[in-house]
Structure formats: C-alpha cells, structure tokens
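K.L.:
I have a structure I would like to understand better, so I am pasting it below and will then ask my questions one at a time.
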Amino acid sequence: MNEIETARLKLRQWKNDDIDAYARYFADEKDSKYFGGSKNSDDAWRHVAMIIGHWHLKGFGYWAVDEKESGDFVGCVGLWKSLNWPELELGYWIAREKQRRGYAKEAAEACITYAREVMKAESLVSYIDPNNQPSIGLAGVLGAIYEETIELVEQGPHRVYRHF
C-alpha cells in the first residue's frame, strides 16, 4: 500500500492513533456535513475500518495525511471506487485547524498524479454536493471541469467535476 510524500505532507496508511482525530472531525456536524454527516466515536472507528478495507479490496483508497514537519494529522485525501460508484473519485477533507494552508490542493494534486501515472486510470472525477462551495472551488483550482449533476447512489444530487 503506497505512501506519497509532497513538499509538506505525507499521505500514509491509517493507524489506530488516527481514530481520535478522525472522530473529532466527524463529531462536528458543520465539518462533516458533506461527508456523510456526524458520527460518534464508534461509527468513526467503523468508517476508518471501511477505508482500510477498501485498500485491501481495491489496492487504493483514502490516505491519512500528516504534516511532515510536525507529524500532525491534517485530514483525509484519496481515491474511491466502491461497488455502485460510477467512476473513480478523488475526495478530500482537511481538519478545520489545518485549513487555508493549501494542504488539500497539495495532497489532491499528488492523488491526481498517482491515479494517472501509477494506477493508469482512464478517468477521475470528484462528486461534490452542490452546496459545498469550498470543494467546488478546489476542484476548479485543480483544473477539474463541471460536467453535470447526478443522483449519487444514496447521497442525493452531486455535481460531477472531471479531472481527466
């Protein structure tokens, strides 16, 4: 299971010590609004277990992201393609206290390169809730092009932004 390093970040596999930071993010309804909503600590643990399972089943997934300099947990960025997902997706969230530093962009660019060069993916999109303006903005900064709005499995309407 590959790890990626950027100038300031390390995208790595999940460990038990990440659960508290993950649970803190998902305990806040405002932070987790566009990522399935708030979760209690047990549900957060199960969600991380699902992410790890995706890695084992698919060979790729969401990485835990750390600042290289401090070792602090930053968030979650990576690639997803569950059973009923239409296409390979790039997804991302950054802990509130680590936002506005360019970390999402830096990690997302590394994931786009990984999808293109390592996975040899034919396509990559981001599915974004129409009300999630920060993610829509980042998709634009990354060069993704809006294509259409679809009903995404059980998630409701989501805009499709194509990276390639």
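A short reminder: the numbers here are calculations on the coordinates, not readings from a lab. Only a predicted model underlies this, so the values are computations on that prediction, with no experimental measurement involved. Ideal geometry is used to build each Cβ from the backbone, glycine not excepted, and the neighbour counts take in all protein chains shown.
K.L.:
Could you check residue 161 against (1) surrounded by 20 or more Cβ atoms within 10 Å (Cβ to Cβ); (2) among the aromatic types (Phe, Trp, Tyr); (3) closer than 28 Å to residue 16 by Cα and say which number it fails?
P.N.:
(3)
K.L.:
Which ones in region 63-92 are among the acidic types (Asp, Glu) and over 19 Å from residue 16 (Cβ atoms)?
P.N.:
If the condition is that a residue be among the acidic types (Asp, Glu) and over 19 Å from residue 16 (Cβ atoms), then 67, 69, 87, 89 are the ones that fit.
K.L.:
Restricting to region 66-110, give me the number of residues that are surrounded by fewer than 21 Cβ atoms within 10 Å (Cβ to Cβ), of a type in the set (Ser, Thr, Tyr) and closer than 29 Å to residue 120 by Cα.
P.N.:
Of the residues in that region, 1 qualify.
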